[in-house]
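Comments concern the structure below.
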Amino acid sequence: MKVSIWRGGKVGRFVAYEVPRLENQTVLDVVTYVQRKLDPSLSYRFSCRVGMCGSCAMTVNGKPRWTCRTHVSKVAVGGTLEIAPLGNLAVIKDLSVDMRVFFDKWAKAGGAFKGDKTRDDDFALIKPADKQRQNANAGIECIGCGVCYAGCDVVRWKPDYLGPAALNRAWTLVNDARDTQGPVRLQLIAGENGCLGCHSQQSCQEHCPKHLSPTASIAGLKRAVSVAALKGRL
Amino acid sequence: MTSHRSHPSYWAFVLHRVSGLVLAVFLPFHFSLLVQATEYAVGFDGFLKWSEQPMVKLAETGLIVLLALHLTGGVRLLALEFLAWRDWQKTLVAVCGGLSLAIGLLFLVNAV
């Protein structure tokens, strides 16, 4: 199988490799083969290999994907693969990108939980059927892989836009009854670089490997911001 | 090579944006025709006759489709952002597209 892999930093080129085609082969298997057998100087990032850690995302044939759970058979076009680093993030080397901006934006979106209970207090009792809890549950399984961020054209056009993952995180906390940062967080995520910047193109949910819907979370934030503005709380 | 943009919701975004831009370009002509219709009735008769040509009717159908796309696309976005979330967003995109084409067809059938 012919595989083209991006080599270099911001400036670089695709280098072609010949990799044996195996049954049940993932894209990460291919990259690992190249690094171990053909060119040990290839840089890439992975950890768990089972779709939990969110560190192996790359651009595969033009689309952002988690590579450890992407089978070659599903994505190879004409039996070939083109593997590039994730888009919208600065390339460090080859397939490794700098994720700092991505995670800094989680902090900027008020992504840290802050409660008012101590370890001496009893557990908060929240019913599983609670509407807010269900909203939070719908977005809580994010693994922070950056696929949605790489696939978002609003991020591409406006580099300061917080992005789908950070806003999805904010939405799960807006719906967390134990959290105390509600009004503060809404102020952080309202505005052009927050939820109001989203054009609902839905590439985030199209590509999310966990099948989450950041667009739904951002729509929820837009409603929360609208209600807060109408009530004069923003 | 595929792209992260190749999915129906993104096409809907592009259609909404393009139809909005084209309609914005068309609006000044629309207003100038309105002025002609009210102020210069004789000259406007000539325009009405010109507009009976098949190619002009076809272009008008195109405008109607663009208008319908922009209207249905706008309602879809408002529903997406202000009503409860629905997981069948692609179905909504298809409904908006189908509705717009149907409206264009209806206009064309009546124009012929």
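One residue is enough: does the stretch B:67-77 have a residue meeting the conditions surrounded by fewer than 15 Cβ atoms within 10 Å (Cβ to Cβ) and at pLDDT 90 or above?
Scanning the stretch B:67-77, I find at least one residue that is surrounded by fewer than 15 Cβ atoms within 10 Å (Cβ to Cβ) and at pLDDT 90 or above, so the answer is yes.
Out of all the residues in the stretch A:73-81, is one or more of a type outside the set (Phe, Trp, Tyr) and within 30 Å of A:Asp176 (Cα to Cα)?
No, there is no match, as no residue in the stretch A:73-81 is of a type outside the set (Phe, Trp, Tyr) and within 30 Å of A:Asp176 (Cα to Cα).
Do we have A:Tyr44 as not acidic (Asp, Glu) and not in a loop (DSSP other than H, G, I, E, B) here?
Here the answer is no, as A:Tyr44 does not meet what is asked.
Provide a single number: the residues in the stretch A:5-25 that are assigned to a loop (DSSP other than H, G, I, E, B) and not small (Gly, Ala, Ser).
Going through the stretch A:5-25 one residue at a time, the tally reaches 9.
Going residue by residue through the stretch B:63-78, is there one that turns out to be farther than 30 Å from A:Ala224 by Cβ, assigned to a helix (DSSP H, G or I) and of a type in the set (D, E, K, R)?
There is no residue in the stretch B:63-78 that is farther than 30 Å from A:Ala224 by Cβ, assigned to a helix (DSSP H, G or I) and of a type in the set (D, E, K, R).
Out of all the residues in the stretch B:56-73, is one or more within 27 Å of A:Cys198 (Cα to Cα) and among the hydroxyl-bearing types (Ser, Thr, Tyr)?
yes
What residue, of A:Ala190, A:Ala170, A:Ala216, is hydrophobic (A, V, I, L, M, F, W, C), closer than 28 Å to A:Val60 by Cα and either modelled with pLDDT of 95 or more or in contact with a strand residue (DSSP E or B) (Cβ under 8 Å, 6 or more places away or on another chain) (or both)?
A:Ala216
Could you pull out the residue among B:His16, B:His4 that is in contact with a strand residue (DSSP E or B) (Cβ under 9 Å, 6 or more places away or on another chain), within 14 Å of chain A (Cβ to nearest Cβ), surrounded by 14 or more Cβ atoms within 10 Å (Cβ to Cβ) and of a type outside the set (A, V, I, L, M)?
B:His4
Of all residues in the stretch B:85-112, which are under 19 Å from A:Cys204 (Cα atoms) and either part of a loop (DSSP other than H, G, I, E, B) or within 12 Å of chain A (Cβ to nearest Cβ) (or both)?
Those that are under 19 Å from A:Cys204 (Cα atoms) and either part of a loop (DSSP other than H, G, I, E, B) or within 12 Å of chain A (Cβ to nearest Cβ) (or both): B:Trp85, B:Arg86, B:Asp87, B:Trp88, B:Gln89, B:Lys90, B:Leu92, B:Val93.
Residues are listed down the side, and each one gets a yes or a no for (1) more than 30 Å from A:Val50 (Cβ to Cβ); (2) basic (Lys, Arg); (3) touching a helix residue (DSSP H, G or I) at 6+ places or on another chain (Cβ under 6 Å); (4) more than 14 Å from every other protein chain (Cβ to nearest Cβ):
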residue: A:Trp157; (1), (2), (3), (4): yes, no, no, no
residue: A:Arg169; (1), (2), (3), (4): no, yes, yes, yes
residue: A:Gly182; (1), (2), (3), (4): yes, no, no, yes
residue: A:Leu188; (1), (2), (3), (4): yes, no, no, yes
residue: A:Gln202; (1), (2), (3), (4): no, no, yes, no
residue: A:Lys210; (1), (2), (3), (4): no, yes, no, yes
residue: A:Ala219; (1), (2), (3), (4): yes, no, yes, no
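Quick one: in the stretch A:76-99, which of the residues that are farther than 20 Å from A:Gln35 by Cβ and of a type outside the set (Val, Ile, Thr) is farthest from the other protein chains (Cβ to nearest Cβ)?
Within the stretch A:76-99, the match that is farthest from the other protein chains (Cβ to nearest Cβ) is A:Ala90.
The values are calculated or read from the model by the stated rules, or taken from the named source; none is laboratory data. These numbers were taken from a predicted model, which means no experiment stands behind them. Note: ideal-geometry Cβ built from the backbone for every residue, glycine included; neighbour counts use all protein chains shown.
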